[in-house]
Amino acid sequence: MSMSGRNDWWRGAVVYQIYPRSFNDSNADGIGDIKGITAKMDYIASLGVDAVWLSPFFTSPMVDFGYDVSDYKNV
């Protein structure tokens, strides 16, 4: 694909960012989780967003809000 034919949909897109730890807690342990996110996908779709940005959800010492990964093999 040539540079002039790029699909730049993201330039005008509405992106909904989800921080999993606080978005939706499906098992009432006080921490949001993937099941909580999937349970709300119909709601997110109803907002008319073009994309979802999922913040880190892997094991982390939480020094940098989850971006500091402590186990690269376990997701």
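For the range 21-75, chymotrypsin sites (Phe, Trp or Tyr not before Pro) meeting the loop criterion (DSSP other than H, G, I, E, B) and having at most 11 other Cβ atoms within 10 Å: F65, Y67, Y72. Of the options [x] 13.1; [y] 14.5; [z] 12.8, only one is Kirkwood radius over Cα pairs in Å as computed from these coordinates, and that is [y].
Using a Förster distance of 35 angstrom, determine the FRET efficiency expected from the C-beta separation of V63 and V14, and round it to 0.05. Mind showing how you got there, number by number?
Details: r = 31 Å, r/R0 = 0.89.
Once the sixth-power term is evaluated, E becomes 0.65.
Looking at the chain, which trypsin sites (Lys or Arg not before Pro) are DSSP coil and have at most 16 other C-beta atoms within 10 Å of their C-beta?
Working: sites: R6, R11, R21, K35, K40, K73; in loops: R6, K40, K73.
Passing sites in the chain are R6, K40, K73.
Close amide-amide hydrogen proximity is noted between L54 and I18, each under 5 Å apart and 5 or more residues distant or on a separate chain (H modeled in the peptide plane; Pro and chain starts excluded).
None of the figures in this text is laboratory data; all of them are computed from the coordinates on show. If you're wondering where the values come from, they're calculated on a predicted model, not measured in any experiment. Every residue, glycine as well, gets a Cβ built from its backbone with ideal geometry; the counts of neighbours run over all protein chains shown.
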